[in-house]
Amino acid sequence: MIGNILKQEKEKRLIMIPNCKRYYEGDESTGEKPGYRKTSEERKNSANDRRRMKKSTYKEQRKQGAEMSSYSKQKKKEHGLDKK
């Protein structure tokens, strides 16, 4: 069982430019426009682009998740999208 967990750990992926960041800023490296300016189909294709991912650990994923949660909350406030 531990061997399976370690194997899964090694196979996890970290998004190099997280989806929430691309939603507000786009992707300068590819010239991609921000997600809020895209159609639903364009956003779906962008989110499924596996070239934007690299291997990572669970710890790295949790760190990125925490950073992006804070980033997303800040951007929602900037754009008047927070529910408070």
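For segment 2-10, the criterion of being assigned to a helix (DSSP H, G or I), at pLDDT 85 or above and of a type outside the set (Ser, Thr, Tyr) is met by no residue.
Within segment 11-41, the set of residues being modelled with pLDDT under 80 and surrounded by 10 or more Cβ atoms within 10 Å (Cβ to Cβ) comprises 12, 13, 14, 15. Listed by position, the helices (runs of 4 or more DSSP H) inside segment 19-84 whose residues that are touching a helix residue (DSSP H, G or I) at 6+ places or on another chain (Cβ under 6 Å) number at least 3 are 19-25, 58-78. For first residues located in segment 14-41 and farther than 18 Å from residue 72 by Cα, partners that are at pLDDT 90 or above and outside any helix (DSSP H, G or I) and lie 6+ apart or on another chain with Cβ distances below 8 Å form the pairs 32/26. Restricted to segment 42-68, and to residues there that are surrounded by 11 or more Cβ atoms within 10 Å (Cβ to Cβ) and of a type in the set (A, V, I, L, M, F, W, C), the residue that is farthest from residue 23 (Cα to Cα) is 53.
The values are calculated or read from the model by the stated rules, or taken from the named source; none is laboratory data. Note that this is a predicted model, so its numbers are computed, not measured. Positions of Cβ are generated from backbone atoms using ideal geometry, with glycine treated the same way; all protein chains shown enter the neighbour counts.
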